[in-house]
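Comments concern the structure below.
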Amino acid sequence: MEKDPNLLVGIEVSDDAGVYRLTPDIALIQTLDFFTPIVNDPKDFGRIAAANALSDVYAMGGKPLTAMNIVCFPIKEMDRSIMRSIIDGGLEIIHKAEAVMVGGHSVEDPELKYGLSVTGVIHPEHLLTNAGAQPGDRLILTKPLGTGILTTALKGKKLDERILGEITELMATLNKDAAEAMTEVGAHACTDITGFGLLGHALEMSKASKVGVLLYASEIPIIAEAMNFAAMGMIPAGSYSNQTFCAPCMDISSGIDPLLVDILADAQTSGGLLISVAESKANTLVQKLREKNTPAASVIGKVLEGPAGFLQVR
């Protein structure tokens with residue numbers, strides 16, 4: 001564990017990025033993320049990977065400034081044009097974030113991977129973490145769940161072009177507008193939904209904030225086709241791992257469909273924000289989110305006094 005009075009968020013907590021205070025008014029947000037392709041089109045892969053990496057800055061309430069490419073590429077097996085398309089896709093999203101691509105690093109690797117290292121800024125007093133949720137808060141999710149199951153269906157060649165196009169655009173959509181909305185309204189805590197699924201990230205917020213969390217299963221937005229593919233068995237291994245991790249600290253009502261639980265645990269790529277906001281501001285935030293290109297935004301639960309570090313799904 002690093003000890004530094006200016007290190008506001010470090011590796012000792014399961015948060016979205018590291019935060020270091022430079023001056024009383026400026027703190028740096030630093031993050032990186034990269035992964036193997038989840039869609040077939042190189043440019044779309046670049047767009048999704050970039051949006052995913054930038055999301056960590058938005059989850060802290062910050063503004064991205066610069067990005068650096070991380071590229072692992074099998075140069076002997078793939079044409080360089082594929083790498084250029086991936087980077088072009090990433091650059092498109094970096095520019096949409098109003099950030100600047102300042103360089104990066106590439107290595108030869110038998111397995112293709114791409115992502116970004118991102119630096120952003122925020123006023124230290126406006127920083128959002130996953131540790132600020134307060135009893136009585138409402139929890140708002142900004143994107144529907146199910147991309148992990150649907151990209152698994154894509155690998156199994158079961159996904160049609162229409163659904164692929166929809167989830168590609170969903171994953172390539174920045175959380176920029178959502179972050180601006182929650183900053184305008186004022187939120188207590190935030191995290192983005194990625195590899196641990198909604199269940200895992202909600203549990204991490206519960207633990208960090210020392211509160212209980214209740215999720216309303218019927219209110220959680222889900223991509224319609226995800227349930228069908230879950231019923232076909234197109235569930236990634238990560239979903240089961242997430243459920244196993246959460247099980248000791250989670251209680252799920254007996255009447256909830258197990259397939260729905262699989263979706264709640266589904267590992268997301270470039271998922272939405274999970275925002276904890278005062279009850280009095282929740283409806284205002286949902287309305288503002290829907291006005292800002294976030295049509296799926298919904299109140300999906302609330303924060304309880306306790307038990308701390310425990311998740312209920314009803």
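All of the numbers you see were taken from the coordinates with simple rules; none came from a lab. Everything numeric in this text was worked out from a predicted model, so none of it was measured. Neighbour counts are summed over all protein chains in view; Cβ atoms, including those assigned to glycine, are modelled from backbone coordinates with ideal geometry.
Ordering M60, M68 by the number of other Cβ atoms within 10 Å of each residue's own Cβ, fewest first, gives M68, M60.
Exposure proxy shown here: for T129, T142, T23, the number of other Cβ atoms within 10 Å sets the order, fewest to most, as T23, T129, T142. For the range 224-314, the list of GluC sites (Glu not before Pro) that fall in a loop by DSSP and count at most 13 other C-beta atoms within 10 angstrom reads E305.
DSSP beta bridges in the range 138-313, what fraction antiparallel, as a percent rounded to 5? Each step should come with its number before you reach the end.
Details: 16 of 24 bridges.
Once the DSSP bridges in the range 138-313 are tallied, antiparallel ones form about 65 percent.
If you average the C-alpha positions of the range 215-231 and of the range 80-95 separately, how far apart do those two centres end up, in angstrom? Measuring centre to centre over Cα atoms gives 32 Å. Of L199, L164, L127, the residue with the greatest mean-square motion in the GNM of the chain, using alpha carbon springs below 10 Å, is L164.
Counting DSSP beta bridges with both partners in the chain, what percentage is antiparallel, nearest 5? Once the DSSP bridges in the chain are tallied, antiparallel ones form about 70 percent. Build a GNM of the chain with springs between Cα atoms under 10 Å apart, and of D16, D88, D137 the one that fluctuates most is D88. Sequentially through the range 78-91, phi angles give Karplus couplings (6.51, -1.76, 1.60; θ = phi - 60°) of 10, 6, 4, 4, 5, 4, 4, 5, 4, 5, 4, x, x, 5 Hz, Gly and Pro residues having no value and appearing as x.
Each residue of the range 37-50 was assigned a 3J(HN,Hα) from its phi angle through the Karplus expression (A = 6.51, B = -1.76, C = 1.60, θ = phi - 60°), giving x, 10, 10, 7, 6, x, 5, 5, 4, x, 4, 5, 4, 5 Hz with x at Gly and Pro. Across the range 155-163, rounded Karplus estimates of 3J(HN,Hα) from the backbone phi angles (6.51 cos²θ - 1.76 cosθ + 1.60, θ = phi - 60°) give 4, x, 6, 10, 9, 7, 5, 5, 5 Hz, Gly and Pro being marked x. Expressed to the nearest 5 percent, the antiparallel share of DSSP beta bridges inside the range 7-126 is 75 percent. Sorted from longest to shortest, the spans of the Cα atoms of the chain along the three principal axes equal 56, 53, 39 Å.
With a cut-off of at most 12 other beta carbons within 10 Å, and DSSP calling the residue loop, which GluC sites (Glu not before Pro) in the range 1-95 qualify? Please list them. Could you put the intermediate results ahead of the total?
Details: sites: E2, E12, E77, E92; in loops: E2, E12, E77.
Sites meeting the loop and neighbour criteria: E2, E12, E77.
Amide H contacts of V9: V19, each under 5 Å away and 5 or more positions distant or on a separate chain (H built 1.01 Å from N in the peptide plane; Pro and chain starts excluded).
If you rank H201, H188, H105 by fewest surrounding Cβ atoms within 10 Å, what's the result?
Numbers: H201 24, H188 20, H105 10.
Fewest-to-most ranking of H201, H188, H105: H105, H188, H201.
Its relative contact order, with pairs defined as Cα atoms under 8 Å and 6+ residues apart, puts the chain at 25 percent. For the chain, the Cβ-based charge dipole about the Cα centre amounts to some 200 debye (Lys, Arg positive; Asp, Glu negative; other atoms uncharged).
Pop the C-beta distance of E166 and D4 into the FRET formula with R0 = 51 Å and round what comes out to the nearest 0.05. Once the sixth-power term is evaluated, E becomes 0.70.
Electrostatic bookkeeping for E204 treats Lys and Arg as +1 and Asp and Glu as -1; over the other residues with beta carbon under 15 Å from its beta carbon, the sum is -3.
With the charge dipole of the range 96-203 set up from +1 on Lys and Arg Cβ and -1 on Asp and Glu Cβ about the Cα centre, the Cα lying farthest toward the positive end among the listed residues G186, A172, L198 is that of L198.
Beyond 23 Å, how much of the Cα-Cα pair distribution for the range 60-189 remains, as a whole percent? If you can, show how the numbers build up before the last one.
On the way: 4352 of 8385 pairs.
Everything past 23 Å amounts to 52 percent.
With R₀ set to 41 Å, the beta-carbon distance separating K155 from Q134 gives a calculated FRET efficiency near 0.50.
Distance from the Cα centre of the range 1-52 to that of the range 242-285, in angstrom? The distance from the Cα centre of the range 1-52 to that of the range 242-285 comes to 22 Å. Using a cut-off of 23 Å between Cα atoms, the listed pairs K113/K155; K43/K76; K63/K210; K143/K210 include K63/K210; K143/K210 as exceeding that distance. Extension gain, H123-E92: 0.36 nm per intervening residue step, less the Cα-Cα distance, totals 8.5 nm.
Highest GNM mean-square fluctuation among K63, K207, K292, for the chain modelled with Cα contacts below 10 Å: K292.
Give me Rg over Rh for the range 7-126, both radii from the alpha carbons and Rh done the Kirkwood way, two decimal places.
1.03
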